[in-house]
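Take a look at the structure set out below.
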Amino acid sequence: MAARGKPARAAWQAAAERAKSLTMRPDALNSLFVEIDALDGVGPKLRRPLEKLGLARIKDLAYHLPDRFVERRAVANLDEASVGENIIVALTVREHRASSGRGPFRVVTEDAIGNYCTLTYFGRASYTAKKQLPAGERRWIAGRLDQYGQMLQIVHPEHVSEDASTPLGQLREAVYPLSEGLTQGRVAALVQQALKALPELPEWIEPGLLARMKWPDWREALREAHKGTHAAARDRLAYDELLANALALMLVRESNRSQRGTPLSGDGSLRAKLRLPFDLTGAQKRSIGEIEGDMAQAAPMLRLLQGDVGSGKTVVALSTMMIAVEAGAQAALLAPTEILARQHFETLSRIAQGTGAEIALLTGRDKGRARESILMGLVDGSIDIVVGTHAIFQDSVAYRNLALVVIDEQHRFGVGQRLMLARKGRRAPHTLAMTATPIPRTLTLAQYGEMDVSRLDELPPGRQAIDTRVVSVERMGDVVGALARHIEAGQQAYWVCPMVRESESDDLAAAEARYAALKERFGQDVALVHGQLRPEAKDAAMERFAAGQAKLLVATTVIEVGVDVPNATLMVIEQAERFGLAQLHQLRGRVGRGSAKSTCLLLRGPALSETARQRLALMRETQDGFRLAEEDLELRGGGELLGTRQSGDTPFRIASLEQIQKLLPLAHDDARLLIERDGGLAGPRGTAARLLLYLFERDWGVQLLRGG
Ligand code: ADP
Ligand code: MG
C-alpha cells in the first residue's frame with residue numbers, strides 16, 4: 001500500500017517536551033499534593049494499607065469521605081436504651097472472665113442503677129481491654145447494645161475512656177472505608193490532619209449557582225463532609241468533580257476542532273473485496289456512512305460507536321479501517337486485553353484476505369526480532385493496519401502515516417490515554433471509540449460529552465432471545481447434568497466464576513477449585529482462563545476453545561469483553577448476585593451470538609437480599625442493555641451515601657449516580673458558558689477553574705489549552 005508523510009517522531013517528542021514544561025502545577029495546590037509520609041505517625045507500615053485505598057497524598061485523605069455516620073445517644077443507664085441502639089453510657093467494671101480455649105474474653109460491668117452488661121472481646125482485643133478496664137473502675141463506653149441470651153452485652157466497644165468528653169465528642173462518628181491494617185480511629189486522625197492543612201482557594205463555581213444552592217466554599221465543604229451528612233457539602237464536592245470533568249472534556253473538543261487532521265476518502269475498492277459471510281445490518285451501514293462522512297473532513301473525527309453486545313461493532317471497525325487504507329494511510333485498532341487483540345487480529349486477517357491490506361498484531365508480549373520487524377513495518381508504511389494492546393502506542397512505536405485510531409471497549413481506557421493516542425500522529429488522527437457498555441444516557445454525557453455518537457440499535461438478523469434462568473446453588477448437581485447433556489450434543493459452554501477484582505486470591509482459588517472439579521468430570525474437554533495465567537497459557541486455552549477442541553471454558557471475568565465464539569451456547573455464572581447488572585449483561589453477551597438457541601444459568605447463593613433478588617429477576621426479564629443499565633442505576637441509586645467508585649463504570653470518585661443525574665446537566669452548562677466567555681481560562685474564574693482541573697487530575701485539559 002502506498003503511504004504518505006514523514007515519520008512523526010521528532011514532532012511528537014517536541015510536543016511531549018513542550019507539554020511537560022507547561023504542566024507546572026499552580027503553587028496554591030502544593031500543600032495538597034504533599035505525600036502522606038509528611039503526616040505525623042505515617043511510616044512505611046501504614047503507607048501500604050493507605051495506598052491500597054488510593055490514599056497517597058494529603059488531598060486524597062481530604063477526599064476520603066465517610067461511607068456513613070454512626071449516630072449515638074448518651075444515656076444515664078441501660079433502662080433508657082434499647083437493644084440494637086448505639087449508645088454512650090458510664091459502666092463500672094465488676095469482674096473479668098477469661099474463657100477457656102478460644103472463647104471470648106468477657107468483662108462484667110454494672111450501670112448506675114444496677115443493670116449488668118457484658119463487654120465481649122475476641123482475639124487480641126482482649127489484651128487492650130484488660131488494661132483499659134480494671135476491676136472497680138468506672139469507664140465511659142461507646143458501642144452497640146445487644147442481647148445475648150438474657151444478658152445485655154456490647155461486643156467490641158468502639159470507645160472506652162476514663163472521662164466523658166471523648167465519647168461525648170463522638171455522638172456522631174464518621175465510618176470510613178478501610179483496608180486491612182487500618183482502624184477507624186487511625187484513618188479519622190489522619191483525615192483530621194489533612195483537613196487542617198487545606199489551603200484557601202479561590203471560587204470556581206459560578207457565584208449565582210453557589211448562592212442558589214446554598215453551597216459552602218470548597219474548604220468548608222470538605223470539612224463539613226467529614227463531620228456529618230451535610231447534603232449541601234457533599235453536593236458541592238460532587239459538583240466540583242463533575243465540573244472538572246465537563247471542563248476537561250470541553251477543552252478536548254475545542255482543541256480537537258482547532259486541530260488539523262487528514263481528510264480521508266476511499267474509493268471503496270478494498271471494501272468491495274472483503275469476505276463478509278453476511279449482509280451488513282441497516283444500523284451497521286448507517287454507522288459506516290456517518291464515520292465515512294467524518295473522516296472525509298479535515299477536522300479530526302471524534303466519534304463513539306455504541307452498540308449492545310453482539311450488535312456487530314467489529315465489522316464496522318474493519319470497514320472504517322479499510323477506508324483509511326484505501327486513502328493510503330495507516331490505521332490502528334486498540335483492544336483492552338490480549339485475548340481480544342488476538343481475536344480481532346484473526347477475524348480481520350480472515351475477512352481481509354485477498355484485499356492486499358497488510359495487517360499486524362502487536363502486544364506487550366512481542367519481543368526481539370518479531371517486534372523489531374513490526375516496528376519497521378509501521379515506520380516504513382508496509383503495514384497498513386496494526387491491531388494490539390496499549391503496546392501499539394508506546395513511545396518506541398512510530399508510524400509513517402497513522403490517520404485513524406479505533407479503540408475497542410473504550411470504557412476500559414481513561415480519557416487521558418485516549419489523548420495520548422491522539423498525539424501520536426503528526427496531524428491528529430481520526431478517532432473512533434467503540435463500546436458495548438450500555439451506559440445510561442445521563443452517564444453518556446459525562447463520559448463521552450466531547451464525542452459524536454453513532455448507535456448500532458439493531459441486532460443482526462436471526463438472533464434468538466437467550467433463555468435466562470435463576471437457579472439456586474443447591475441444585476448444582478442438576479446444573480452439571482444439564483451441562484453434560486449440552487456437551488454431549490456437541491455444543492460448547494462457558495462456566496464463569498466470580499472474580500470481581502483480579503487480585504482477590506480467595507476468588508482465584510475458587511475458580512481453580514471449580515476447574516479441578518469439572519475436569520474430574522469432563523476430562524480434556526475443559527480449559528481454564530483467568531487473569532493471573534501466563535499470557536501463553538491464556539492464549540492456548542482461548543485457542544483450544546475457539547477451535548472447538550475444548551468444550552467447556554472455565555473463566556473469570558477476563559472473558560467479559562469482546563470474546564466471540566458463536567458455537568458456545570450455554571453459560572453458567574456462579575454467585576451471580578455478586579455481579580453488577582451491566583457486568584452480567586456483558587457476560588451473558590458471550591452466548592447468543594449465532595442463530596442457535598442459547599441458555600444462561602445464573603447460580604445464586606441460598607440467601608439473597610431483596611435488591612439482589614430483583615436484579616436477578618430483571619436479568620431474566622430483559623436483554624436490553626440500556627434498560628438493564630437504567631434499572632441498575634435505579635436499584636442502586638436510592639439514598640445511598642456511597643460513591644460510585646465501587647461500581648466501576650463511571651469516571652468519578654466523589655459523585656454518586658444520584659448526584660450525577662441531578663448535577664451533571666448544570667455542570668455542563670456552567671462549563672460551556674465559562675469556555676465561551678473565557679476560552680483560555682485566563683480571567684479570575686478561569687484561573688480558579690485551572691486549579692480545579694489540577695485538583696481532580698484532569699490537568700491534561702490544561703495541557704491542551706496551552707500546549708495545543
Ligand atoms: P460486538 O458488537 O459485541 O463487538 P461482534 O462484532 O463481535 O459484536 O459481532 C458479534 C457476532 O455477530 C460475530 O460473530 C459476527 O460475526 C456476527 N455479525 C456481525 N454482523 C453481522 C451481520 N450483519 N449479520 C450476521 N452476523 C453478524
Ligand atoms: Mg466487540
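Computed from the coordinates by the stated procedures, all read-outs in this text should not be read as laboratory data. In this text the structure is predicted, and so the values were computed from the model without any measurement. No Cβ is skipped: glycine too gets one built from the backbone with ideal geometry, and neighbour counts run over all protein chains shown.
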Search the structure for amide H atoms under 5 Å from the amide H of residue 470, placed 1.01 Å from N in the peptide plane, and list their residues when 5 or more places away or on another chain.
602
Gain in length, residue 184 to residue 100, computed as 0.36 nm per residue apart minus the alpha-carbon separation, to one decimal in nm?
27.2 nm
Contour minus end-to-end for residue 298 and residue 79, with contour as 0.36 nm per residue of separation and end-to-end as the Cα-Cα distance?
71.0 nm
Order the peptides 550-557, 42-49 from the highest to the lowest mean number of other Cβ atoms within 10 Å of their residues.
550-557, 42-49
Spacing of the two label points (7 Å from each Cα toward its C-beta) at residue 380 and residue 27, in nm
5.4
Compute the separation of the alpha-carbon centres of the stretch 304-368 and the stretch 68-88 and state it in Å as a whole number.
63
The chain, relative contact order in percent, only Cα pairs under 8 angstrom and at least six apart counted
15
According to the square roots a ≥ b ≥ c of the eigenvalues of the Cα gyration tensor, what is the shape class of the chain, taking rounded for a/c under 1.5, prolate for a/b larger than b/c otherwise, and oblate for the remainder?
oblate
Label-point separation (nm) for residue 273 and residue 203, each offset 7 Å from Cα along Cα-to-Cβ?
6.5
Expressed in angstrom and rounded, the centroid-to-centroid distance over alpha carbons for the stretch 550-585 and the stretch 139-195 is 42
Cα long-axis angle, helix 535-546 against the chain (0 to 90 degrees, to the nearest 10)
70
Output the antiparallel fraction of DSSP beta bridges having both residues in the chain, as a percent to the nearest 5.
35
Between residue 480 and residue 653, what's the calculated FRET efficiency when r is the beta-carbon distance and R0 is 41 Å? Round to 0.05.
0.50
For the stretch 269-391: relative contact order, % (alpha-carbon pairs under 8 angstrom, 6 or more apart)
31
Which residues qualify? For residue 301, with a placed amide H closer than 5 Å and at least 5 residues away or on another chain, they are 430, 431
Nitroxide proxy distance, nm - points 7 Å out along Cα→Cβ at residue 547 and residue 458:
3.8
Sorting 65, 628, 274 on the 10 Å Cβ count, fewest up front, what's the list?
274, 65, 628
Show which lysines lie in cross-link reach of residue 52 when reach means a straight Cα distance below 25 angstrom and same-chain residues fewer than eight apart are skipped.
196, 227
Note the full-extension length gain between residue 56 and residue 673 as 0.36 nm times their separation in residues minus their Cα-Cα distance, in nm to one decimal.
218.7 nm
Kindly rank 583-592, 297-306 from highest to lowest mean number of other beta carbons found within 10 Å of each residue.
583-592, 297-306
Extend 7 Å from the Cα of residue 517 along its Cα-to-C-beta direction; within the stretch 561-602, residues with backbone N under 12 Å of that point are 574-575
FRET efficiency, residue 38 to residue 165 (Cβ-Cβ, R0 22 Å, nearest 0.05)
0.15
Quick one: if the Förster radius is 45 Å, what FRET efficiency do residue 211 and residue 48 give, using the C-beta to C-beta distance and rounding to 0.05?
0.55
